[in-house]
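The values are calculated or read from the model by the stated rules, or taken from the named source; none is laboratory data. Everything quoted here is computed from the prediction, not taken from an experiment. Backbone-built Cβ (ideal geometry, glycine too); neighbour counts: all protein chains shown.
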């Protein structure tokens, strides 16, 4: 099962909120990254890479008007195929742009819109290479990396992806308190922050759920318990994701907590429609049937 529809909803909010002043947003993040990564006195500075001047303590040049126009074209393009091509064109023409990280995010967003998870991750990681604090890309990459279609390769490869997802989601959570969202009411800002927090915890839940099933000696109960806690936190959002309730139901079922699982799947069904609602209803029926067929507990003498 994919989280694409739910994730796109959250990203759409972030895209709309943070495109009000994209240049300022990128520069603020880059300046914070520069402070974190400035080398200690006496250490040689590494050579700057394209799109990473600010990360190496150098002042990034302000975007030119042509640069801004090209970037604005990217973020307002509705055709994802065309949008992805515009991102590549931008990267070639402006490899040192302070807007490069955000441009790559829109490339990832375009590929994710098309269901191309591998390319979405690739461009999300390019975005983070240009600016390791890009919040939207942290959320996107941490969301996609633990998904089943990305869990190919050896156990070491899988764990590397899960570790990266865990670090990105954790970093995103640290940014929520100080997130500046221009031209939004306090209530809107609060909801945006709640959505970001929920999504990051859901990503962490998926990380632990994947780890729980990777054990060669059976399901890892400690990882399942961590997954349960993360998904329980995710659904505390005033507007919880039905898919987070579905995953929580899966975790409860794996922990042999049928009543809790039924409750979670029921909540998922109430909040969703279409295929996800049908899947949740089927899980509820399966669990109720299993409960009815279970032998009665032995009575004490």
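Points worth noting:
- Single unsatisfied condition, residue 115 versus (1) within 25 Å of residue 181 (Cβ to Cβ); (2) touching a residue at least 60 places away in the same chain (Cβ under 8 Å): (1)
- In the range 125-184, of all residues being over 14 Å from residue 205 (Cα atoms) and within 10 Å of the chain's Cα centre (by Cα), the one that is surrounded by the fewest Cβ atoms within 10 Å (Cβ to Cβ) corresponds to 135.
- Where residue 257 falls short, out of the listed (1) over 25 Å from residue 188 (Cβ atoms); (2) buried (at least 17 other Cβ atoms within 10 Å of the Cβ): (2)
- Among (1) within 17 Å of residue 224 (Cβ to Cβ); (2) modelled with pLDDT under 95, the one test that residue 251 misses: (2)
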